[in-house]
Amino acid sequence: MSIQESSVILRSDHVLSTEIDDEVVLMHTKNGQYYGLDAISGYIWQKLEAPILVSDLFSQLIQEYQEEEERIRLDSLRLLDKMLTSKLIEIKD
């Protein structure tokens, strides 16, 4: 299953996170993998604390970063797909 703008996504229950300096560090408790997120990825992670509609997330990113809409959508979808593949996030049924 891939992420669509109409998807509702949220953090996996199996991921712990902490902020160190300007980076967010994630640990998946089931597979022991660690992940480092930069400022923008960390901002996205913060927004995933509660279930969120992907299109709403895009709107918030566009307002926050005032970047070209299509670039934000493509870059964010790429990141969210990687997070989904790594089981850091889930699509809510």
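The values are calculated or read from the model by the stated rules, or taken from the named source; none is laboratory data. What you are looking at is a predicted structure, and each value in this text was computed from that prediction instead of being measured. Cβ sites come from the backbone with ideal geometry, for glycine too, and all protein chains shown count toward neighbours. Surface accessibility is based on the protein's heavy atoms, side chains included, excluding ligands, DNA and RNA. Shrake-Rupley method; radii C 1.70, N 1.55, O 1.52, S 1.80 Å.
The table below lists the values:
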{"read-out": "Mean accessible surface per residue for the chain, computed with a 1.4 Å probe while every protein chain stays in place, in Å²", "value": "65"}
{"read-out": "The chain - percent of accessible surface contributed by carbon and sulfur, probe 1.4 Å", "value": "45"}
{"read-out": "√(5λ) per eigenvalue of the Cα gyration tensor, region 30-82, largest first, Å", "value": "21, 12, 11"}
{"read-out": "Convex hull projection area averaged over all views, the chain, Cα basis, nm²", "value": "5.7"}
{"read-out": "Centroid-to-centroid separation of region 68-93 and region 25-48 [C-alpha atoms, Å]", "value": "13"}
{"read-out": "Folded to 0 to 90 degrees: helix 69-85 orientation relative to the chain principal axis, Cα", "value": "20"}
{"read-out": "For V15, net neighbour charge (Lys/Arg +1, Asp/Glu -1) across residues whose Cβ lies under 13 Å away", "value": "0"}
